[in-house]
Every structure is written in C-alpha cells, then in structure tokens.
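To start, the structure itself, in structure tokens.
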Amino acid sequence: MSGGVVVRGLSKAYDGRAALRNASLTAPRGSFVALLGPSGAGKTTLLRCLARLADPDGGEAFVDGRPMHALSGRALKEARARIGFVFQDFNLVRRRSALENALGGVLASTPLWRVALGRPRPDDARSAMAALDRVGLGDRADARADELSGGQRQRVAIARALVQDTAVLLADEPVASLDPDSAAGVLSLLKDLTRERGLTVLCSLHQHHLARAYADEIVVLAAPEGDL
Ligand SMILES: Nc1ncnc2c1ncn2[C@@H]1O[C@H](COP(=O)(O)OP(=O)(O)OP(=O)(O)O)[C@@H](O)[C@H]1O
C-alpha cells in the first residue's frame, strides 16, 4: 500500500444511525483532495475515522500506508502521531506561544522532564522556528496563540504538522471561520506544501469555489440515509 490516503467502504454509525455509509476515496501522495458534501454527510466522521479518533464499524482506512482501521495500542499511537490535524476551531493551546504550539508536534517523543521544564531539545526548537518561518510567522514566534488572528492560528497548526514531519494532513473545515483573504492564504499554503514536500492533504470544505480553486481532486460525500 503506497502513501497518501486510501478509504474503502468505510462505515460508521452512532446509536444505530448511519453517520457514514460505505465511503471510498483515494488521495494520492502529494495531492490536495477536498471533501465536500451537505451538512451531516459524514465529512468530520470520515476524518475522525481516518485518525481513529472514532472507530469505524466496517471498511478500511489507510494513512501513509498504515491500516488505521486495524491498528491498536502502541502501533496506533505511533501512527496517529504522524498525522497532522487542522480543525475549524483552532486546536491550539491558547495561552502558549506560537513556538510552543508548533513544538507540540514533537511533544509525544519528548522526555517528560523537558516538557515540564519547558526546555525543548535544541534541534526541535530549530525545526519549530523553521516551520513558523515557512508558514510566514517567524516574527510572531513569541506571540500567544490567543493574540493571533484566525488565519495566523491555522498557520501555526500547519507549522505544528510540519514539525511533526507528518506525511498526511487532515483538515476539518480549516477556513470556515476565516475571512476570504485569510482563507485563500491558508489553502494556498496547504497546496504549496503538497508540491514542496509531497504532503497529502485531505480537507473538508463547505465552499465549492474554494475546492475548485485549490484542490487537485474533489470528493463529494452524499448524506447516508436511514438507520443501519
Ligand atoms: N459523536 C457523535 N455522536 C452521535 N452522532 C454523531 C456524532 N458525531 C456525528 N454524529 C452524527 O453523524 C452524522 C454525520 O456528522 P458529521 O459531523 O460527520 O457530518 P459533516 O458532514 O462533517 O457535517 P458538517 O458539514 O455539518 O460539519 C450527523 O448526523 C451527526 O449528527
């Protein structure tokens, strides 16, 4: 199984009600794939199943060659640590700086005493700075996350994924709360990263025109009908 994202026949129900039914898609390595569909179609559920933040009831979900549906324990934890996430509601630690948030990408592999003392490994601090530079926020490294604009916060979340050395980035409506210019900036940054680093981006969006402007491919999820 090559890199990127492959979903085959993925299904998930909550309390007997289908949230996702028999979904299949492929996001080849280095591509930007947009996920469209009406509210309730299961876009978030699909992204959560891919990262095994939710357990699918059936089907297969491969992320960068790893069978996420079949992993457990340490192997699952390691696989999940290699997936980057960007969510609509800015999943950053608000009172921490941009640099500390970007460093969150390596915290899973940092000894606890370094976390407790707030002393990152020098290499990690350098790569976090480089990632912030890449997303255009090198001069805001010390700013607290809650002092940044929405677009800047999404850039920090992207920097965190770069520090994590992630191969696949899952983005759940990353521009839903942003003004049009910031939204365009975030999506074009994601697109550039697919070209530059071979990053695979699977990104749910509500705006069709943005999907058409930035995505290599568009996948439309239909709402699952009825109970299972
Ligand atoms: N944790 C949960 N518990 C119960 N039902 C859920 C849960 N998460 C999602 N659902 C239900 O599953 C269905 C799919 O929801 P999901 O959030 O995946 O859709 P979506 O396409 O992302 O929608 P939106 O575009 O509105 O964000 C919905 O009917 C939703 O109510």
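Just so it is clear, none of the values below were taken in a lab; they were calculated from the coordinates. Please read these numbers as outputs of a predicted model, since none were measured by experiment. Cβ: placed from backbone, ideal geometry, glycine included. Neighbour counts: every protein chain shown.
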Exercise. Under a Cβ-Cβ cut-off of 10 Å, what is the net charge of the residues other than Asp64 that fall near it, where Lys and Arg count +1 and Asp and Glu count -1?
Worked result: +3
Problem set entry | the range 157-194-the range 38-103 distance, computed between alpha-carbon centres (Å) | 15
For this session: Jot down the radius of gyration and Dmax of the chain, Cα atoms only, both in angstrom.
Result: 17.3, 54
Exercise. What does the helix-only formula give at 222 nm for the chain: each DSSP H stretch with n ≥ 4 adding -39500 (n - 2.57), the total divided by the residues, and the result rounded to the nearest 500 deg cm²/dmol?
Worked result: -10500 deg cm²/dmol
Problem set entry | R0 of 30 Å, Cβ-Cβ distance Arg144-Tyr14: FRET efficiency to nearest 0.05 | 0.25
For this session: Would you mind ranking Leu50, Leu221 so that the residue whose beta carbon has the fewest other beta carbons within 10 Å leads the list?
Result: Leu221, Leu50
Exercise. Nearest-5 percent of antiparallel DSSP beta bridges in the chain?
Worked result: 45
Problem set entry | Relative exposure of Ser177, Ser127, judged by other C-beta atoms within 10 Å (fewest first) | Ser177, Ser127
Seminar exercise, completed: If unit charges are put on Cβ atoms (+1 for Lys and Arg, -1 for Asp and Glu) and the dipole of the chain is taken about its Cα centre, the option from Ala157, Asn101, Gly37 lying farthest towards the positive end turns out to be Asn101
Exercise. What FRET efficiency do you get for Ser72 and Asp179 if R0 is 45 Å and r is their Cβ-Cβ distance, rounded to the nearest 0.05?
Worked result: 0.60
